[in-house]
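What follows is a set of notes on a single structure, which appears directly below.
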Amino acid sequence: MFIKTLRTARRCIMIVFGFTLLGLGLLLSIPGIPGPGLVVVWAGLGVLAVEFLWARKLLKKFQEEGTRLRDLLFHRKGPAARPDPAPRPDPVPGNSEAGSD
C-alpha cells in the first residue's frame, strides 16, 4: 500500500513538473521574452512522455521536424548523408613508416 502511494505521488510530481516546464517553455517562446523557450518545451515534453502517449508522439514529431530543419539548413540529403572524409595524402617516397625500404 505504501509503495503504491509513493508511485502515485511520484507520478503526480512528474506530471506537475512536466506541465510546468511545458508552460514555462511556451512563455519563453514568446518574442521579446529572453530565454531558451524551445529547449524548455522539449524538456517538458520529455518529462511528460514518460506518462502520456500524446506527449511521446508530439516529442517524436518535434524531433523529426528539428532533424528536417537541420538537414535543410546544412543541405544534407538524408539521415545517412554525411560529408565524405578528406582523402588521405599519398605517402612520401622514401618515408619508412611501414618499416620497409
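Please state the shape class of region 2-73: rounded when a/c is under 1.5, otherwise prolate if a/b exceeds b/c and oblate if not, all from the C-alpha gyration tensor. Don't jump to the answer; show the numbers that get you there.
Values: a/c = 4.06, a/b = 1.68, b/c = 2.42.
Oblate, because a/c is 1.5 or more while a/b does not exceed b/c.
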Can you tell me the length gained on complete extension of the stretch residue 61 to residue 27, counting 0.36 nm per residue apart and subtracting the Cα distance?
10.2 nm
Counting Lys and Arg as +1 and Asp and Glu as -1 over every other residue whose Cβ sits under 13 Å from the Cβ of residue 3, the net charge comes to +4
Given Cα pairs under 8 Å that are at least 6 residues apart, what percent is the relative contact order of region 2-73?
24 percent
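Where Lys and Arg each count +1 and Asp and Glu each count -1, what net charge lies around residue 17 among other residues with Cβ under 12 Å from its Cβ?
Values: positive: 10, 11; negative: 51.
For residues surrounding residue 17, the net value is +1.
Here, each number is a calculation from the coordinates, and none is a lab measurement. Values in this document were obtained by computation on a predicted structure and should not be read as measured data. Glycine gets a Cβ as well: all are built from the backbone with ideal geometry, and neighbour counts include every protein chain shown.
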